Amino acid sequence: MTRPLRAAGVLALALAAACATKEKEIESDRRYISTVYNDTIVESFGRTSRTITGMLIEKSGDTVRFRVHTKADALVSTVDLTLHAASRRGQRPVTQIVTMPTGTLPLMQNSVAFLEQYLRRARTVGGDSVSIPVMLVGASPELEVLTLVKNGADSVMLLGSDMKPENGIHLALDPQDRIAGGVMPLSGARIARVDGSQ
């Protein structure tokens, strides 16, 4: 094969690989409301083949924007966080980039976007009971292990190290395995999907 033909072949393979890995939109504009006592958080997010991008708006007016960088096998490489504090309007927002330890999934508050990535990872691992290390991202990151336990065809529980359901997160799933709602008995927190979201 001549050098020009060989070069053309390499270029064609490179272009094919680039097209194969092009980022694709999977869904957009899903919305949820989480309530804990008198506090309310409104969440909206969308997902592509490479990222989950969304926003949490607290009742106080504080806003957290996030971007979760996903990779193969439903794992996460990094999380970008930007906090716009209501008490500091007009000032620069606080930004943070969190690099995830190998095999660890991020969680943040009651965010459905983060919880669903955990569920995708659990499905990839497989089994009716799956333990996955997580990092609670934010001002003071914490590491722990949560165990997913299936509770019928359309619900799951996420349990901490004590494995007590009353201390866990109970999630209802829709036919696409997306979160339809949830409750945390210990705190009384509730998650509800906003009607009309995708």
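No lab work stands behind these numbers, since they all come straight from the coordinates. Quantities reported herein were computed from a predicted structural model and do not represent experimental measurements. Counting neighbours? That spans all protein chains shown, and the Cβs are built from the backbone with ideal geometry, glycine included.
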*Helix 112-125 versus the longest principal axis of the chain: what is the Cα-based angle in degrees, 0 to 90, to the nearest 10?*
60 degrees
*Could you size up the charge dipole of the chain around its Cα centre, putting +1 on the beta carbon of Lys and Arg and -1 on that of Asp and Glu, and report it in debye to the nearest 20?*
860 debye
*Starting from the eigenvalues of the Cα gyration tensor, five times each then square-rooted, give me the equivalent ellipsoid semi-axes of region 23-193, largest first, whole Å.*
24, 19, 16
*Which one of Gly168, Leu136, His84 has its Cα pushed farthest toward the positive end of the charge dipole of the chain, where Lys and Arg give +1 and Asp and Glu give -1 at the Cβ?*
His84
*Report ³J(HN,Hα) in whole Hz for each residue of region 23-35, in order, from the Karplus equation J = 6.51 cos²θ - 1.76 cosθ + 1.60 where θ = phi - 60°; Gly and Pro get x.*
5, 10, 6, 9, 7, 8, 6, 8, 9, 9, 10, 10, 10
*Kindly express, to the nearest 10 degrees and within the range 0 to 90, the angle between helix 3-20's C-alpha long axis and the longest C-alpha principal axis of the chain.*
20 degrees
*Considering the dipole of the chain built from charges on the beta carbon (Lys and Arg +1, Asp and Glu -1) around the Cα centre, which of Ile26, Phe45, Leu115 is farthest to its positive end?*
Ile26
*Tell me, in nm to one decimal, what length is gained between Val42 and Ala139 on full extension, where the rule is 0.36 nm per residue of separation less the Cα-Cα distance?*
32.9 nm
_Positive dipole terminus of the chain, leading residue within Gly181, Leu148, Val68 (C-beta point charges)_ = Val68
_Can you give the local net charge around Ser155? Use residues other than it whose beta-carbon is closer than 13 angstrom to its beta-carbon, Lys and Arg +1, Asp and Glu -1._
-2
*Cα-derived Rg to Rh of region 24-94, Kirkwood definition*: 1.03
*Computed [θ] at 222 nm, deg cm²/dmol, the chain (DSSP H ≥ 4; -39,500 (n - 2.57); rounded to nearest 500)*: -5500 deg cm²/dmol
*Could you pull out the trypsin sites (Lys or Arg not before Pro) across region 62-122 that fall in loop regions by DSSP (anything but H, G, I, E, B) with no more than 15 other Cβ atoms inside 10 Å?*
Arg89
*Take each of the peptides 148-156, 94-102, average the number of other beta-carbon atoms within 10 Å over its residues, and list them starting from the highest.*
148-156, 94-102
